[in-house]
Amino acid sequence: MSFEERLKKIEDSMEKKEPNSFPKNEVTFKHLALRASTDMISSLMVGSTLGWGVDHILDSFPCGLIGGFLLGTIAGLWTIYKTLLRIDLNG
């Protein structure tokens, strides 16, 4: 077998994937639910903690906590949205 034939065989066996996409066989509902819940909880915790810190520094309770919670919610939903855009459902 010549070099070109072996190279062609290897190239045919390799799947060409986009660099920032999930393969279809690795995306399950359990995977998506775990990823979404982790992203949302971590964003809410970070936003609320920062808001609490602002409240503590500025003595403005509960304005900073509410604002941080809302910003954390927006950040979590944005992260989930970006993750869902990267999923390749066609293969």
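What follows draws every value from the coordinates through simple rules; no lab data is involved. None of these values were measured; they are calculated from a predicted model. Using ideal geometry, Cβ is built from the backbone for each residue, glycine included, and neighbour counts are taken over all protein chains shown.
Fully extending the segment from Arg35 to Ile57, taken as 0.36 nm per residue of separation minus the present Cα-Cα distance, adds 4.6 nm.
Ordering 2-13, 52-63, 69-80 by mean Cβ neighbour count within 10 Å, with the highest value first, yields 69-80, 52-63, 2-13. Annotation: amide H-H contacts under 5 Å for Phe61 (H modelled 1.01 Å from N, sequence separation of 5 or more, or interchain): none. With the charge dipole of the range 21-85 set up from +1 on Lys and Arg Cβ and -1 on Asp and Glu Cβ about the Cα centre, the Cα lying farthest toward the positive end among the listed residues Leu85, Met40, His56 is that of Leu85. Taking the Cα centre of the range 21-85 as origin and assigning +1 to Lys and Arg Cβ atoms and -1 to Asp and Glu Cβ atoms, the resulting dipole is close to 380 debye.
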